[in-house]
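Student: Let me begin by handing over the structure; questions about it come next.
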Amino acid sequence: MPRVRTKLVSWDEIVDWSMHLADIIKRDGYRPDLIVAVARGGYVPARLLCDFLSVENLASVQSQHWTEAAKVEEKAILKFSYRLNASGLNILVVDDIVDTGDTLKLARDHIEANWSPKTVKTAALQWISPVAKFKPDYYYLEVKEWIWFQYPWTRLEDTYQFIKRMMSEAYKEMGKSEWTNEEVVKGFNEWYGIDVGETYYRRALDVLLEKGVITYDPSRKTYKLVAT
Ligand code: AMP
């Protein structure tokens with residue numbers, strides 16, 4: 001049983017889910033003039049919705065809530081809040097997933113209050129219904145049990161954060177401080193129940209080395225957490 005329930009999402013699934021989401025929006029008769037991607041998770045779905053709904057106008061607002069994979073920060077904030085004159089425009093605000101719902105709600109409220117749009121609706125590929133405080137106007141998949149979705153656009157970021165967490169918890173729990181490459185991969189598979197592939201493990205370890213989070217001992221061929 002993995003420690004963090006995680007599902008690896010493929011690019012093909014993202015295209016498929018975005019296509020279905022576009023169909024739901026079309027069937028409802030909503031015709032957005034402008035799509036607003038909530039950065040960073042909403043970028044790819046928003047771009048695909050532009051394609052599938054024939055929308056030329058794409059803007060973005062950035063919010064920060066989950067600074068680390070599968071670890072929520074207390075409060076969602078808008079990082080760069082600017083004003084835009086969207087009078088007369090029907091806006092669709094798009095994110096990848098509605099988890100607590102704070103992010104999409106914050107973006108929607110900001111746009112409604114500051115951009116003078118004609119209408120604003122919200123859309124997400126997924127909606128985690130038991131935990132979300134906010135239900136998007138449109139969603140494709142309802143998720144009934146919380147799980148971390150490992151989207152293709154955060155694969156490297158999630159992988160290095162997960163490896164770092166695994167190493168630091170293993171140290172706290174059993175004093176394990178040295179890891180061979182094979183142990184990292186095996187541990188990752190067990191802890192998260194997914195396999196992101198050799199390229200991502202290698203790059204994730206490189207990022208952790210660059211950031212000074214781990215060191216490498218070439219004679220022992222092992223990685224070590226710097227704090228330990
Ligand atoms: P929230 O404000 O909790 O609705 O979520 C903010 C953002 O964090 C989402 O737009 C995603 O990019 C990311 N996120 C939150 N929960 C998850 C999850 N369970 N799986 C993957 N990404 C998530």
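Student: Only residues that are in contact (Cβ under 8 Å) with a residue 60 or more places away in the chain and either away from the ligand (no atom under 16 Å from the Cβ) or at positive phi (or both): list them for the range 150-165, please.
Tutor: Listed by number, the list holds a single entry, K164.
Student: Here is a check on your reading of the model: is V61 out of contact with any His (no Cβ under 6 Å at 6 or more places or on another chain), at pLDDT 95 or above and either of a type in the set (V, I, T) or open to solvent by 70 Å² or more (accessible area, probe 1.4 Å) (or both)?
Tutor: Yes, satisfied.
Student: Of all residues being of a type in the set (K, R) and modelled with pLDDT of 85 or more in the range 64-94, which is nearest to the ligand (Cβ to nearest atom)? Just the residue, please.
Tutor: Once the filter is applied, the top-ranked residue is K79.
Student: With respect to I111, is the statement that it is more than 16 Å from the ligand (Cβ to nearest atom), open to solvent by less than 20 Å² (accessible area, probe 1.4 Å) and of a type in the set (V, I, T) true?
Tutor: Taking the combined requirement at face value, the residue does not satisfy it.
Student: Could you pull out the residue among L8, L48 that is of a type in the set (A, V, I, L, M), open to solvent by 50 Å² or more (accessible area, probe 1.4 Å) and within 20 Å of W153 (Cα to Cα)?
Tutor: L8
Student: With the structure loaded, tell me whether R31 is modelled with pLDDT of 95 or more and over 13 Å from the mean Cα position of the chain (by Cα) or whether it fails that test. Spell out how you get there, then give the answer.
Tutor: Working: modelled with pLDDT of 95 or more: yes; over 13 Å from the mean Cα position of the chain (by Cα): yes.
Answer is yes for this residue.
Student: Now for a separate question. The conditions are (1) more than 16 Å from the chain's Cα centre (by Cα); (2) crowded, with 16+ Cβ neighbours inside 10 Å; (3) outside any loop (DSSP other than H, G, I, E, B), and A86 fails exactly one of them. Which is it?
Tutor: Tallying (1) more than 16 Å from the chain's Cα centre (by Cα); (2) crowded, with 16+ Cβ neighbours inside 10 Å; (3) outside any loop (DSSP other than H, G, I, E, B), A86 fails exactly one: (3).
For (1) at pLDDT 95 or above; (2) more than 20 Å from R203 (Cα to Cα), each residue gets a yes or a no:
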{"site": "K135", "(1), (2)": "yes, yes"}
{"site": "Y140", "(1), (2)": "yes, yes"}
{"site": "W148", "(1), (2)": "yes, yes"}
{"site": "I163", "(1), (2)": "yes, no"}
{"site": "G175", "(1), (2)": "no, yes"}
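Student: What pairs come up if the first residue lies in the range 166-186 and is more than 18 Å from E198 (Cα to Cα), the second is among the acidic types (D, E) and exposed (fewer than 15 other Cβ atoms within 10 Å of the Cβ), and their beta carbons are under 9 Å apart, counting only those six or more places apart or on different chains?
Tutor: E178/D217
Student: Keeping to the range 11-45, report how many residues are among the aliphatic types (A, V, I, L, M), surrounded by 18 or more Cβ atoms within 10 Å (Cβ to Cβ) and touching a Phe, Trp or Tyr at 6+ places or on another chain (Cβ under 8 Å).
Tutor: So the answer is 6.
The values are calculated or read from the model by the stated rules, or taken from the named source; none is laboratory data. A quick note: this is a predicted structure, and the numbers were derived from the prediction, not measured. Reconstructed Cβ throughout: ideal geometry from the backbone, glycine too, with neighbour counts over all protein chains shown. With ligands, DNA and RNA removed, areas are computed over all heavy atoms of the protein, side chains included. Shrake-Rupley method; radii C 1.70, N 1.55, O 1.52, S 1.80 Å.
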